[in-house]
1. Tally up the residues in the stretch 52-78 that are part of a loop (DSSP other than H, G, I, E, B) and basic (Lys, Arg), please.
2. Considering only residues that are small (Gly, Ala, Ser), part of a strand (DSSP E or B) and either surrounded by fewer than 17 Cβ atoms within 10 Å (Cβ to Cβ) or touching a Cys at 6+ places or on another chain (Cβ under 8 Å) (or both), which ones fall in the stretch 79-128?
Amino acid sequence: MHIRSRALTSAAALAAVAALAGSAGAQTHQATPRTEDTPVLVDCLWHPEVRPADFMLACADGNSRLASLHWSRWGERTARAEGVNWVNDCKPYCAAGRFHAYPVSVRLDRPDTWKKHPELSHYSRITLTYTEGRPEGYAATVSYPLWD
């Protein structure tokens with residue numbers, strides 16, 4: 001009977017965590033209403049977002065993400081934010097690596113029609129400028145194409 005009680009308690013705890021994770025995930029999509037002319041930022045799950053607080057850069061393995069984003073601009077051509085890039089050092093390998101925080105300035109630009117939803121435009125490039133240190137092997141400013 002003691003084992004069954006522990007199993008039920010564990011199941012209840014897992015259900016509570018899943019409920020919290022689901023509600024937290026729902027809050028990350030489209031943090032600010034958009035206008036028809038304003039591009040969106042497409043996340044790893046193909047959701048359109050406007051002014052997200054967090055954004056995953058490395059969708060496949062999660063080894064690089066942006067957090068604590070504070071947007072100063074979200075316009076028709078560009079968006080700008082300050083935040084933190086959390087990057088896994090992958091030493092000695094990624095599963096055993098440690099994440100390090102690097103303050104960054106973020107710029108989104110090159111709006112283009114989103115192939116999945118042609119009625120929307122999306123930013124197609126992200127540029128990070130490291131303001132206080134940077135990951136080993138990274139340039140002070142790096143740009144990446146964003147998925148379509």
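1. Matching residues across the stretch 52-78 total 1.
2. Selection gives Ala101, Ser105.
Listed here are the residues, each with its yes/no results for (1) at pLDDT 95 or above; (2) more than 11 Å from the chain's Cα centre (by Cα); (3) within 20 Å of Tyr144 (Cα to Cα); (4) not β-branched (Val, Ile, Thr).
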residue: Asp37; (1), (2), (3), (4): no, yes, no, yes
residue: Met56; (1), (2), (3), (4): yes, no, yes, yes
residue: Leu69; (1), (2), (3), (4): yes, no, yes, yes
residue: Ser72; (1), (2), (3), (4): yes, yes, no, yes
residue: Trp86; (1), (2), (3), (4): yes, no, yes, yes
residue: Val104; (1), (2), (3), (4): yes, yes, yes, no
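The values are calculated or read from the model by the stated rules, or taken from the named source; none is laboratory data. Computed from a predicted structure; not experimentally measured. We place every Cβ from the backbone using ideal geometry, glycine too, and count neighbours over all the protein chains shown.
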